Amino acid sequence: MSAHVEVVSTDFRRAKVKVLPGTYLVDVLNEACKKLNLNGDRYLLKHKQRVVDLTVPYRTSGLTSGAKLELIQKSSSPSVISIGLDVDGKRFTKKLTSDMSLWQVLRQFETAERDLNLTGRASPKSSDGGQLYFDSPIINIMGKTFEGVSDLAKTLSQCGINTGSIRLVVTFQATDKTLSEALGEIDQYLVDVDPSQPPTKKEKPATDTTLEALPQQEPIAPAPTATETIPEPSIDAPPKPQAQQDSGDPIAGEPMDLDQPLTSPLIDGVLQPVEVFAAPTSSTPAAVNVHVDEAVYEPTIAHAQLRQKQLLAKTQNKRLKSDAELAAVAAEEAARLDRITTLDVRVRFPDGTSSKWTLGPTHTAGDLYTAVRGVMARPELPFQLVMPATRTHVEDSGAKLLLRHYRFTGRELLNLLFEEGVSAEERRAAFLKEEAARRAHQLPVPDVPQVGLDEAADSPAESSSKPADSGRSESKKLPDMKKLSKFFKLPGKK
């Protein structure tokens with residue numbers, strides 16, 4: 001059963017559009033603007049003082065046959081849309097602007113989620129020697145599918161999404177184009193449509209059945225032997241020329257770089273701790289014995305002004321970062337991790353003792369577990385290493401790097417927790433072996449500088465705002481509360 005709606009433009013011109021129950025209102029808008037020679041990207045539909053949702057079909061819109069719809073101007077500035085993306089049984093959420101294309105939306109989710117691959121999937125065909133063929137993404141929005149390069153180049157606004165939140169369901173369909181050919185055609189099409197769009201990332205072919213986006217990581221070196229140490233990468237060292245590499249000179253014969261950071265010594269394939277700390281002799285924490293003047297905790301005017309600036313900054317709208325800015329942030333984070341050459345990891349044991357290791361960026365969680373077992377009196381007991389801040393369990397695996405995967409930066413503290421199978425008697429026994437226990441010494445308590453009343457008044461936070469006398473003068477300017485309370489009395493009362 002067919003029906004029709006009547007669209008009235010701002011200059012009172014009318015266009016009749018035939019609709020079916022499954023016709024989406026965004027198609028009604030585009031058809032009406034086509035008949036009226038208008039740009040559909042600049043208008044919205046309005047019915048009885050209510051803006052119509054363009055993502056729904058006619059049968060669920062509540063409109064009747066012959067309904068009159070008005071064309072209204074759309075805001076020139078893009079609005080923020082809350083997007084929920086469903087793919088492979090997982091849900092991802094992100095807030096993006098309505099002027100982004102569907103392809104850019106997929107790229108934004110890929111940037112936010114490291115293990116998510118939406119625009120570079122491929123699968124091999126056994127009949128073609130394992131050649132990878134592109135899996136084209138298909139986006140379903142409220143029952144309407146968008147597939148192909150032309151559909152994915154449409155913006156959210158062109159799909160009828162202008163405000164509120166929306167759910168995108170992404171599936172994939174195998175094509176007859178190879179991965180490199182398909183990505184090249186997509187790049188060329190996007191450049192022709194919008195030259196400002198960045199090119200599609202080129203995914204390296206994988207050998208598994210689905211080309212998944214894996215996090216970039218350094219190649220894992222083989223386990224060192226008892227007579228060799230783990231080499232550390234030198235950041236400032238220039239690459240060796242190709243002619244020198246092909247000369248056949250052994251790398252082991254090169255002189256050692258004195259600027260290379262030192263790590264924990266390696267004996268019999270086990271990393272030895274650089275320091276071993278004994279258990280505290282007193283049950284009272286050392287921090288209790290440190291006296292700090294109460295004036296240190298008194299807030300100043302500078303603290304109040306800083307808090308006001310922070311609250312004001314949270315109320316201001318912020319522009320979402322573009323692909324180039326997100327790529328710059330990711331590159332800056334990668335460069336920051338590359339600058340880290342040593343990791344000071346201290347593991348706290350159940351009996352109060354602890355050990356410290358100096359590791360490098362290529363050491364894995366498996367190396368740390370092996371090092372901990374090297375100082376245990378009972379290395380066969382099962383245990384787990386837990387980060388106290390995030391309660392993240394460090395897995396006993398040689399595949400995950402401490403720097404890249406667990407984000408160890410600088411100094412880290414881990415707690416060793418026995419698993420449920422360990423008995424209470426074994427938990428109470430001495431944890432360290434005799435050799436490590438003889439090296440143990442007390443953990444030094446740092447000296448906290450005492451800040452008195454006079455020093456607190458001359459602190460930078462206080463001097464940066466106003467002197468103490470000005471603070472007292474401002475308090476004198478406040479109105480008298482007894483006089484001010486007269487204005488809040490109800491009539492009829494004295």
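All of the numbers you see were taken from the coordinates with simple rules; none came from a lab. Note that the structure is predicted; figures quoted are calculated from it, not measured. Neighbour counts run over all protein chains shown; Cβ positions are idealised from the backbone, glycine included.
Taking only the C-alpha atoms of segment 285-349, the Rg (one decimal) and the largest Cα-Cα distance, Dmax (whole number), read 20.8, 52 Å. Here is the size of segment 32-94 from its Cα atoms: Rg then Dmax, 15.4, 43 Å. With 28 Å as the limit, the listed pairs Lys18/Lys144; Lys154/Lys314; Lys18/Lys154; Lys34/Lys74 have Lys154/Lys314 beyond it between alpha carbons. Full extension of the chain between Tyr297 and Ser165 yields a length gain of 43.1 nm, computed as 0.36 nm times the residue separation minus the alpha carbon distance. Applying a DSSP loop filter and a limit of 16 other Cβ atoms within 10 Å to the GluC sites (Glu not before Pro) in segment 327-409 leaves Glu380, Glu395. The Kirkwood hydrodynamic radius of segment 1-44, based on inverse pair distances between different Cα atoms, is 10.7 Å. Using 0.36 nm per residue and subtracting the Cα-Cα separation, the extra length available between Lys68 and Ser123 on full extension is 14.9 nm.
Applying Stokes-Einstein at 20 °C and 1.002 mPa s to the Kirkwood radius of segment 3-73, computed over alpha-carbon pairs, gives a translational diffusion coefficient of 183 µm² s⁻¹. By other beta-carbon atoms within 10 Å, ranking Leu54, Leu312 with the fewest at the front produces Leu312, Leu54.
The trypsin sites (Lys or Arg not before Pro) of segment 306-358 that meet both conditions, a loop assignment by DSSP and at most 11 other Cβ atoms within 10 Å of the site Cβ, are Lys318, Arg319. Note on Gln308 and Ala440: the model spin-label points, each 7 Å out from Cα along the C-beta direction, lie 5.4 nm apart.
When +1 charges are put on Lys and Arg Cβ atoms and -1 charges on Asp and Glu Cβ atoms, the dipole computed for segment 347-443 relative to its Cα centre reaches about 440 debye. Shape analysis of segment 1-146 yields a ratio of the Cα radius of gyration to the Kirkwood radius, Rg/Rh, of 1.08.
Spatial offset of segment 279-338 relative to segment 82-145 amounts to 36 Å, using the alpha carbon center of each. Every Cα-Cα pair in segment 80-193 was counted, and those over 26 Å apart are 18% of them.
For segment 9-47, trypsin sites (Lys or Arg not before Pro) meeting the loop criterion (DSSP other than H, G, I, E, B) and having at most 16 other Cβ atoms within 10 Å: Arg13.
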